[in-house]
Amino acid sequence: MERGDGRGDGRGMRERMLAGDLFRGDDPELLEDAARADDLVRAYNDTSARQAALRRRLLADLFGEVGEDVVVLPPLRVDFGRNTRVGPRTFANTGLVVLDVAPVAIGADVLMGPNVQLITSTHPVDPAGRRAKWVRGAPVVVGENVWLGGGVIVLPGVSIGADTVVGAGAVVTRDLPAGVVAVGNPARVIRRVDS
């Protein structure tokens, strides 16, 4: 029988993680997956602008899917990488962080300024749950042709609609519709893109 903290249901931690349920962040299999991603990220971050073909191969090995003409300027950080899908012609400036314990979907033609963070993981509020290394994830979706300004943070479970612009430094705590400009902490819509 499953206890209140989500243990004891017979599923592995990777299965629990991908289902969006509580899982142990210190699970050996997940730690190995994270180490694999770290190896790829370290290799990627050591490349130069002259090594575009190598960068492309490393991104293809790291991410679950990567479209054509994607540019991610190092340094890059991810949890697992394979839970992230990046659409074609997307550009990410330096310092992109993708904590992908849950799926991250980045649409086509997305622009991300420096130090953008896409965060799917969250932890229990209860101190005992955090001490026991329990984690939960919720997907992040960034629609097509979105522009995330420098330092934008997108929190777990958030979807951003196509053609939306999020101003620098905003913290996106809830879904944003398509075609709007949002700013602030928490991010709030201030106008339509076309107005």
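Working only within segment 169-195, note down all residues that are closer than 16 Å to Val110 by Cα, touching a strand residue (DSSP E or B) at 6+ places or on another chain (Cβ under 8 Å) and open to solvent by 30 Å² or more (accessible area, probe 1.4 Å). The answer is Pro177, Val193.
Taking residues in segment 9-21 that are within 12 Å of Asn83 (Cα to Cα) and in contact (Cβ under 8 Å) with a residue 40 or more places away in the chain, and partners anywhere that are of a type in the set (A, V, I, L, M) and in a loop (DSSP other than H, G, I, E, B), the pairs with Cβ atoms closer than 6 Å and at least 6 places apart or on different chains are Met17/Val101. Can you pull out every residue in segment 126-148 that is within 27 Å of Pro114 (Cβ to Cβ) and of a type outside the set (A, V, I, L, M)? Gly137, Pro139, Gly143, Glu144, Asn145, Trp147, listed by residue number.
Does segment 63-74 contain at least one residue that is over 23 Å from Gly143 (Cβ atoms) and surrounded by 15 or more Cβ atoms within 10 Å (Cβ to Cβ)? Taking every residue of segment 63-74 in turn, at least one turns out to be over 23 Å from Gly143 (Cβ atoms) and surrounded by 15 or more Cβ atoms within 10 Å (Cβ to Cβ). The sole residue among Asp21, Asp46, Asp33, Asp26 that is under 18 Å from the mean Cα position of the chain (by Cα), of a type in the set (Asp, Glu) and open to solvent by 30 Å² or more (accessible area, probe 1.4 Å) is Asp21.
Scanning segment 49-60 for residues that are open to solvent by 40 Å² or more (accessible area, probe 1.4 Å) and of a type in the set (Lys, Arg) returns Arg50, Arg56, Arg57. With respect to the conditions (1) within 18 Å of Ile160 (Cβ to Cβ); (2) surrounded by 22 or more Cβ atoms within 10 Å (Cβ to Cβ); (3) under 10 Å from the mean Cα position of the chain (by Cα), Asp79 falls short on a single one, namely (1). Applying a threshold of 7 Å to beta carbon distances and a minimum spacing of six or more residues, or different chains, the list of pairs starting in segment 28-47 at a residue that is farther than 14 Å from Leu59 by Cβ and ending at one that is of a type in the set (Phe, Trp, Tyr) reads Asp33/Phe80; Ala34/Phe80. Is it fair to say Thr84 is touching a strand residue (DSSP E or B) at 6+ places or on another chain (Cβ under 8 Å) and hydroxyl-bearing (Ser, Thr, Tyr)? In short, yes. Residues considered: Gly137, Gly129, Gly143. Of these, the only one that is over 22 Å from Leu30 (Cβ atoms) and either touching a residue at least 24 places away in the same chain (Cβ under 8 Å) or of a type outside the set (Asp, Glu) (or both) is Gly143. Of all residues in segment 79-111, those that are touching a Leu at 6+ places or on another chain (Cβ under 7 Å), aliphatic (A, V, I, L, M) and over 20 Å from Gly169 (Cβ atoms) total 1. The single condition among (1) under 11 Å from the mean Cα position of the chain (by Cα); (2) of a type outside the set (Gly, Ala, Ser); (3) crowded, with 19+ Cβ neighbours inside 10 Å; (4) within 14 Å of Val66 (Cβ to Cβ) that Arg85 does not meet is (3). Checking each residue in segment 20-68 for being modelled with pLDDT of 95 or more, in a loop (DSSP other than H, G, I, E, B) and under 19 Å from Val98 (Cβ atoms) picks out Asp46, Thr47, Phe63, Gly64, Gly67.
The values are calculated or read from the model by the stated rules, or taken from the named source; none is laboratory data. Every value quoted in this text rests on a predicted model; they were computed, and no experiment measured them. Because the Cβ atoms are built from the backbone with ideal geometry, glycine has one as well, and the counts that use them run over all protein chains shown. Ligands, DNA and RNA are stripped out before the accessible areas are found, and what is left, the full protein with its side chains, is counted by its heavy atoms. Shrake-Rupley method; radii C 1.70, N 1.55, O 1.52, S 1.80 Å.
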